[in-house]
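Report on the following structure.
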Amino acid sequence: MEETIIAPTTTSDLKVPFESCLMEGRPDPCALVIVGASGDLTGRKIVPALYELYCNDGLPDPCFIVGCARTAMDDSGFREKMKQAIDRHKTLTEAEWAGFARLLHYRPIAYDSSASFSALAESIGEMEKAYGTDGNRLFYLAIPPSLYETTAKMLGESGLSREQGANWTRIVVEKPFGRDLESAMALDRALHEHWKEHQIFRIDHYLAKETVQNILMFRFANAIFEPIWDRRYIQSVYITAAESLGVEHRAGYYEQAGVLRDMFQNHMMQLLSLIAMEPPAQFEDDRVRDEKVKIYRSLRSFPLNDLSGYLMLGQYGTGEVGGAPVSAYRAEPGVNPRSLVPTFARLKIFVDNWRWQGVPFFLTSGKRLAEKRTEIVIQFREIPHSMFRRILGEGISANRLVMGIYPEEKIQLTFQTKNPGAKVCLRTVTMDFHYSQDYKGPVLEAYEKVLLDCMLGDHMLFWRQDGVELCWSFLTPVLEACETCGDRAERLSFYEAGSWGPDNNRSEKRYGMENCN
């Protein structure tokens, strides 16, 4: 039988208009209600994201935005506050602001007052009639975690959680989802008193970063990488989320949380699951989350009687960041001068399944480090046999794949090639791809993406409760061991601000630390 020859696909055949990838249609008309609208999160992230969606025709038409909080304010005061907030983070034009400002309203509430939420429900109902939004509602809890349960209950008791007919009502909850397994389960029970699971969106904005979403595309849309994505070819994996900032204005929260609760239970575990998960049969929200849950179920428990080889904790001291002197953590406003709260952690984790058996995953995150950097490094194994031994000796560097998330959104692959000349010399070269390469159009920032997905009802980038509980089940024993044992001070290593953490000082070394101690 004669083989059919198919002409190669040209680059022009592969091109898709960039505008068609920005978003897929408008969400349903709805009311957007921000609970905690006078706080930092609203002005720094949520409203600037909604403004950008408005400018890119990404908001529902019609829609309106209601901010509510304990602060006494009227519509005009809220609009002015939000204008100043947007102006600090975005390029604001008067024409676009005028149209967006007409959507903004404000209603003061008391979080523990049923009458206050009943009045809010009445106001929302009146605005729905005026705007014609069909009764769809999205409630964003931009409030401290201590108020989640009370607010969810008040919204439910006032009737604001009910869905009628084809109308939808959703609630968005920011991390942290509890502070350990028990409190996470208690929060879930409180939410489900008045809200069904399909209504709850547990947000993790890390998942909405373009380069994080690209991990699945890189792995499962390219035939050349997935066949070597396992223990046979990969020696180790490094996931790093370094911050140059200190605790800033979050000392009250951080003293209660520490780095493990703040970063590892959520962001770091999500990055781990994207790197380690099996391919789902289809790219659908629950199928993707099913595969993530399988990874969390496969995590090897820590040896609590010998944590030193699996866990390193640190706290930053004085030092320099960006050439400027900075204070130690214990000298930060609101921090206990004898605090034992860790601001740095490095965990060595194993995934006990067929694909990853024996491959260590090193997860590192900390504050006041040398620079702000988030990246994933896949360290491949060395070649099994060198035919160049007599010429080059044993030192042939293994291949390395770097997925940069911040500040550079990139993918780099290093490999060996011969230097020009008569003598045989190897050099390490790098193939580079930058995510913004050849793209000049608009992009969706993380909060723009998650808000859009909330309005569209897409759970792909959001936590499911079983994943939350499995991650807490994995980390809670470590937290208990570190927070209740008598050697807390001995377990904590101090590091100079502006370094890469304990034992690394100011070196550029971020990989190759095969043990945590």
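For N336 and E483 in one chain, what is 0.36 nm times their gap in residues minus the Cα-Cα distance, to one decimal in nm?
Contour length minus the Cα-Cα distance gives 51.4 nm.
With runs of 4+ DSSP H residues as the only contributors, calculate the mean residue ellipticity of the chain at 222 nm using -39,500 (n - 2.57) per run, divided by the residue total and rounded to the nearest 500.
-9000 deg cm²/dmol
So, R0 is 25 Å and r is the distance between the beta-carbons of D61 and A119; what FRET efficiency does that work out to, to 0.05?
Once the sixth-power term is evaluated, E becomes 0.35.
Going down the table (K209/K292; K83/K367; K175/K372; K83/K410), which pairs top 28 Å between alpha carbons?
K83/K367; K83/K410
For a quick check: sort K196, K294 by the number of other beta carbons within 10 angstrom, fewest at the front.
Fewest-to-most ranking of K196, K294: K196, K294.
List every residue whose amide H lies under 5 Å from the amide H of K175, counting only residues 5 or more places away in sequence or on a different chain, with H placed 1.01 Å from N in the peptide plane.
I203
Which FRET efficiency value, to the nearest 0.05, is calculated for I224 and T428 with the Förster distance at 22 angstrom and r the Cβ-Cβ distance?
FRET efficiency, I224 to T428: 0.65.
Can you tell me the orientation of helix 114-131 relative to the chain, as the angle in degrees between its alpha-carbon axis and the longest Cα principal axis, to the nearest 10?
With rounding to tens, the tilt is 90 degrees.
Summing Lys, Arg as +1 and Asp, Glu as -1, what charge do residues with Cβ under 12 Å from the Cβ of D75 carry, D75 excluded?
Summing Lys/Arg as +1 and Asp/Glu as -1 gives +2.
Please work out how much length the chain gains when fully extended from D503 to D352, using 0.36 nm per residue of separation minus the C-alpha to C-alpha distance, in nm with one decimal.
51.4 nm
Could you pull out every residue, at least 5 positions away or on a different chain, whose amide H is within less than 5 Å of the one on D134? Hs are placed 1.01 Å off N in the peptide plane, and Pro or chain starts have none.
Here the answer is none, since no amide H 5 or more places off falls under 5 Å of that of D134.
What's the extension gain from A281 to T93 if we count 0.36 nm per residue and subtract their Cα-Cα distance?
63.2 nm
Highest mean first, how do 213-224, 44-55 rank when packing is the count of other Cβ atoms within 10 Å averaged over residues?
Packing order, densest peptide first, comes out as 44-55, 213-224.
If you take every DSSP beta bridge fully contained in the chain, what fraction is antiparallel? Give it as a percent rounded to 5.
55
Please list 128-138, 323-333 highest first by mean number of surrounding beta-carbon atoms within 10 Å per residue.
128-138, 323-333
Counting other Cβ atoms within 10 Å, keep those with at most 12, restrict to DSSP loop, and tell me which GluC sites (Glu not before Pro) in region 241-349 are left.
Those satisfying the criteria are E248.
So what's the net charge close to D432: Lys and Arg +1, Asp and Glu -1, counting the other residues with Cβ under 11 Å from its Cβ?
After counting each charged neighbour, the total is 0.
Identify the trypsin sites (Lys or Arg not before Pro) of region 231-282 meeting these criteria: DSSP loop state and at most 11 other C-beta atoms within 10 Å of the C-beta.
Taking region 231-282 and a limit of 11 other Cβ atoms within 10 Å, the loop trypsin sites (Lys or Arg not before Pro) found are R232.
Pop the C-beta distance of E197 and I396 into the FRET formula with R0 = 41 Å and round what comes out to the nearest 0.05.
Calculated value: 0.20.
Could you line up W356, W168, W500 from fewest to most neighbouring Cβ atoms inside 10 Å?
W168, W356, W500
Near the amide H of I234, under 5 Å away, which other amide H atoms are found, from residues 5 or more places off or on another chain, if H is placed in the peptide plane?
R381
Every read-out reported here was derived from the displayed coordinates using simple, explicitly stated rules and does not represent laboratory data. A quick note: this is a predicted structure, and the numbers were derived from the prediction, not measured. A quick note on method: Cβ atoms are made from the backbone with ideal geometry, for glycine too, and the neighbour counts reach across all protein chains shown.
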